[in-house]
Amino acid sequence: MTRVHILEKSVAERIAAGEVVERPVSIVKELVENSLDAAASRISVELQGGGSTLIRVTDDGHGMSEADLRLAVQRFATSKIRQWEDLEALVTLGFRGEALPSIAAVARVEIQTCEPDAEHGTELRVEGSENLRVAPVAGVPGTRITVRDLFYNTPARRKFLRSPAAETAQVADLVGRLAAAWPEVHFRLTSNGKELFSFPAGLPTAERLSRLWKVPSDRLVPIQGQEEGLLVDGLVALPPESRSTRTAQIFLMNGRVIRSNALSQALLEGFSPLLERGRFPVGLVRLTVDPSQVDVNVHPTKLEVRFARPRPIFSVLFRAVANALETRGADPVQPRHLERSLDDGAWEQTGAGEGSSSRRSLPPPRPSLSPPPTQAVLDFLRPLQEKGSEASERVARNDRVGESSPPRFIPLAQLYDTFLVGLVDGDLWIIDQHTAHERVNYERLGHLAP
């Protein structure tokens with residue numbers, strides 16, 4: 001008896017489905033992309049229980065005939081390509097022929113579809129990859145796909161689903177990205193009977209992004225750049241709208257929502273030095289690329305792509321963002337992070353030109369919007385003669401090694417709650433508060449040493 005054997009069809013299909021169907025958002029992505037490929041102008045997504053109980057996607061696309069519907073649930077059946085070379089001119093979002101059979105392998109699926117000129121539609125029910133019923137039904141042009149009881153036959157995978165609220169949030173994020181990418185399509189999302197959002201067809205991308213990210217539309221700046229065989233356009237928010245994560249970034253390649261750390265980095269570089277460390281820009285970037293110059297067949301989810309010539313893409317994106325922000329006149333540093341940290345009772349306010357009439361004066365400090373530096377740092381930066389006996393002792397020690405007393409530090413501003421900016425003998429100094437505080441602690445420990 002051999003130890004190697006061929007897996008049963010049902011087992012193999014459930015394993016293969018894991019590459020396409022990870023959670024409810026994976027199903028919604030595949031079904032909505034199919035609707036877009038079907039030239040739908042209205043797409044409705046309904047959820048119950050975060051998608052684990054029910055997912056329903058309804059569109060008004062061109063629908064399918066009964067013969068096409070029977071084939072659509074078979075693995076590797078697709079209307080998008082016919083031969084390998086077609087991938088080099090791919091203009092559709094789907095092409096692998098795996099979505100519907102993968103979904104049907106781990107859920108109970110019902111499909112109702114009708115072509116525009118057909119006398120009636122067709123309904124197909126499939127469960128565990130087995131067709132249970134195919135029958136004619138009355139219907140309007142388009143397709144409605146209902147997915148129930150996700151992972152009912154793979155309980156080990158069902159227990160890895162997150163809470164309904166978390167799964168719903170992921171679906172809302174995805175549908176929102178697709179809605180921003182396709183402004184000519186009406187998108188509607190409901191959860192447990194409650195409408196989460198609805199974007200009418202024709203609503204501009206800027207308005208959709210404004211609603212999704214709570215950013216005023218007049219704070220969104222258009223970007224555009226091009227090179228031979230490449231066009232980059234989109235919208236980016238001004239630096240003050242930045243976020244602490246990269247979640248408010250959308251990248252599109254020929255209408256497809258993709259993930260790309262390299263594109264995200266190019267976007268960030270375009271904002272440099274307008275954002276401090278730890279902040280990330282907000283925006284939508286749309287790439288129009290020659291299909292022959294990109295490989296979309298990297299992963300079954302089709303979220304990752306590989307560019308044949310990545311350098312020009314990143315370069316054009318960087319220049320487009322930088323030029324747009326420069327034209328708009330974005331401030332070099334976010335105003336809310338360029339803050340004056342002066343204590344009127346302890347810090348002297350002096351003109352920037354003091355001590356050096358030949359130097360240009362700096363603008364007056366901004367009003368304080370955050371607490372001043374710690375007292376230890378302030379003490380460390382004050383002239384030593386103001387520190388009493390401790391200061392005298394340190395001056396004496398400096399004199400013994402041939403050093404003079406440190407010059408007076410005139411504070412001007414605080415950057416990012418981290419750096420102190422000030423003048424010393426007319427020169428501009430930038431001091432790291434954290435490092436200064438460590439030096440203070442070092443000096444204090446030094447006094448305790450025998």
### Query
If we scan the stretch 208-215, do we find a residue that is within 17 Å of I55 (Cα to Cα) and touching a strand residue (DSSP E or B) at 6+ places or on another chain (Cβ under 6 Å)?
no
## Note on the structure
Here the residues within the stretch 145-161 that are on the phi < 0 side of the Ramachandran plot and either among the aromatic types (F, W, Y) or surrounded by fewer than 20 Cβ atoms within 10 Å (Cβ to Cβ) (or both) are T146, R148, Y152, N153, T154, P155, A156, R157, R158, K159, F160, L161
### Summary
Checking R246, R211 in turn, the sole residue that is among the basic types (K, R), surrounded by 14 or more Cβ atoms within 10 Å (Cβ to Cβ), outside any strand (DSSP E or B) and in contact (Cβ under 8 Å) with a residue 24 or more places away in the chain turns out to be R246
#### Entry: Counted residues, the stretch 23-55 - those being in a loop (DSSP other than H, G, I, E, B) and either over 20 Å from the mean Cα position of the chain (by Cα) or surrounded by 23 or more Cβ atoms within 10 Å (Cβ to Cβ) (or both)
6
### Query
Before we move on, is S242 of a type in the set (S, T, N, Q), in contact with a Pro (Cβ under 7 Å, 6 or more places away or on another chain) and assigned by TED's automatic domain parsing to the domain that holds A320?
yes
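Residue-by-condition table, conditions (1) at positive phi; (2) not assigned by TED's automatic domain parsing to the domain that holds V28:
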position	(1), (2)
A172	no, no
G176	no, no
S191	no, no
L196	no, no
K214	yes, yes
V221	no, yes
### Task
Starting from the stretch 112-134, keep only residues that are farther than 20 Å from S35 by Cα, then list their pairs with residues that are in a loop (DSSP other than H, G, I, E, B) and β-branched (V, I, T) whose Cβ atoms are within a distance under 8 Å, requiring at least 6 positions of separation or different chains.
S129/V73; N131/V73
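Taking the stretch 257-279 only, how many residues are closer than 15 Å to G234 by Cβ, touching a helix residue (DSSP H, G or I) at 6+ places or on another chain (Cβ under 8 Å) and not β-branched (V, I, T)?
Initially, the stretch 257-279 is screened for residues closer than 15 Å to G234 by Cβ, giving 257-258, 260, 263-264, 266-268, 270-271.
Retained after the next criterion (residues that are touching a helix residue (DSSP H, G or I) at 6+ places or on another chain (Cβ under 8 Å)): 257, 263, 266-267, 270-271.
When the remaining residues are screened for being not β-branched (V, I, T), the result is 263, 266-267, 270-271.
Here the count works out to 5.
The values are calculated or read from the model by the stated rules, or taken from the named source; none is laboratory data. Keep in mind that what you see is a predicted model, and the values were worked out from it rather than measured. Cβ: placed from backbone, ideal geometry, glycine included. Neighbour counts: every protein chain shown.
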